[in-house]
């Protein structure tokens with residue numbers, strides 16, 4: 001990333017969702033807010049991308065095939081130093097996500113039904129912006 005790109009972006013976010021429509025929507029929403037976005041459609045792809053360029057934040061779908069969001073967090077905790085901040089993203093209820101987030105040690109969660117304004121708000125909170 002060049003010095004000019006760094007000054008123009010708010011942070012580097014890895015968006016992970018196995019549903020292509022969600023991935024595009026999340027990426028577009030956050031890139032319009034000034035974030036640099038990398039995207040992955042699986043847990044294994046997310047881990048490879050994160051190893052190559054540690055993001056400031058991982059927005060992580062909880063329910064994915066092969067490697068779940070919870071398993072991705074466990075692996076990230078072991079392999080990435082410094083560990084990026086992580087927000088879970090799911091259709092689960094907010095009470096389920098709150099408990100899952102607390103048990104997994106992630107910074108928070110976003111319910112898919114809450115819309116883009118809440119997504120942006122939660123990302124800013126997680127990044128301390």
Nitroxide proxy distance, nm - points 7 Å out along Cα→Cβ at residue 68 and residue 95
1.9
Residues in the stretch 85-99 reached by a label modelled at residue 53 [backbone nitrogen below 18 Å; 7 Å Cα→Cβ]
85
If a/c stays under 1.5 just call it rounded; otherwise compare a/b with b/c (prolate if a/b is bigger, oblate if not). Do that for the stretch 1-84, with a ≥ b ≥ c from the square roots of the Cα gyration tensor eigenvalues.
oblate
Under 8 Å for C-alpha pairs, at least 6 residues apart: give me the relative contact order for the chain, rounded to a whole percent.
21
How would you classify the stretch 80-123 from its alpha-carbon gyration tensor, with a ≥ b ≥ c the square roots of the eigenvalues: rounded for a/c under 1.5, else prolate if a/b is greater than b/c, otherwise oblate?
oblate
Under 17 Å from the residue 32 label point (7 Å along Cα→beta-carbon), backbone N, the stretch 108-123:
113-123
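Every number in this text was worked out from the coordinates using simple rules, so none of it is lab data. In this text the structure is predicted, and so the values were computed from the model without any measurement. All Cβ positions, even for glycine, are placed from backbone atoms using ideal geometry, and neighbour counts span all protein chains on display.
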